[in-house]
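Enquirer: First, the structure itself, so that you have it in front of you.
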Amino acid sequence: MHVVSHATLVDFYSQPQHHDARGALQTWYQVACQAQWRSPADVKAQFGNASIVGNNRVVFNIKGNDYRLIVAFAYRMQWAFIKFVGTHAQYDRVDAATVDQSKE
């Protein structure tokens, strides 16, 4: 998969209060870049605790569910678009099917 935008992850874990997410987000990024997911079922096969939320979006639990990552997929094109990364409390305030952090 081609992941857009890695900078969103880096910006997030570069903040002192979220530095503990660095390793988990870097691991997710490496796995996603090497993956060839063709469907939500492929994602679930690799990340069993991921939630499919519709609109080709998947919510990933990061660092033992301390953080959430929402990614929109274009499976046929092999693109993954990071739409949101945040704490569990921040996640509770967004709509996973429509949030687009890159436009905020």
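The values are calculated or read from the model by the stated rules, or taken from the named source; none is laboratory data. Because the structure is predicted, anything quoted here is derived from the model rather than measured. Cβ sites come from the backbone with ideal geometry, for glycine too, and all protein chains shown count toward neighbours. These accessible areas exclude ligands, DNA and RNA; they are computed on the full protein's heavy atoms, side chains included. Shrake-Rupley method; radii C 1.70, N 1.55, O 1.52, S 1.80 Å.
Enquirer: How far is it, in nm, from the label point at Val31 to the one at Tyr75 when both lie 7 Å from their Cα along the line to the Cβ?
Expert: So the two model labels end up 1.8 nm from each other.
Enquirer: Return the distance in nm (one decimal) between the two label points of a simple spin-label model at Gln17 and Asn49, each offset 7 Å from Cα along Cα→Cβ.
Expert: Reported label-point gap for Gln17 and Asn49 is 2.3 nm.
Enquirer: How many Å² of accessible area per residue for segment 1-94, probe 1.4 Å?
Expert: Values: 4910 Å² over 94 residues.
Solvent-accessible surface per residue comes out at 52 Å².
Enquirer: Would you check the accessible area of Ile52, probe 1.4 Å, heavy atoms only, in square angstrom rounded to 10?
Expert: 80
Enquirer: Within segment 76-102, what residues put their amide N at less than 19 Å from the label point 7 Å along the Cα-to-Cβ vector of Arg38?
Expert: Hits in segment 76-102 for Arg38 at 19 Å: 76-80.
Enquirer: Shifting gears a bit: For the chain, which whole percent of the accessible surface, found with a 1.4 angstrom probe, sits on carbon and sulfur atoms? Let's see the in-between values first.
Expert: Values: 2750 of 5640 Å².
Heavy-atom surface of the chain belonging to carbon and sulfur, 1.4 Å probe: 49 percent.
Enquirer: Got a sec to turn the phi values of segment 70-77 into Karplus ³J(HN,Hα) couplings, 6.51 cos²θ - 1.76 cosθ + 1.60 with θ = phi - 60°, whole Hz, x for Gly and Pro?
Expert: 10, 10, 9, 10, 10, 4, 5, 8
Enquirer: Next up: For the chain, taking Cα atoms only, what is the radius of gyration to one decimal and the Dmax to the nearest whole Å?
Expert: 12.5, 37
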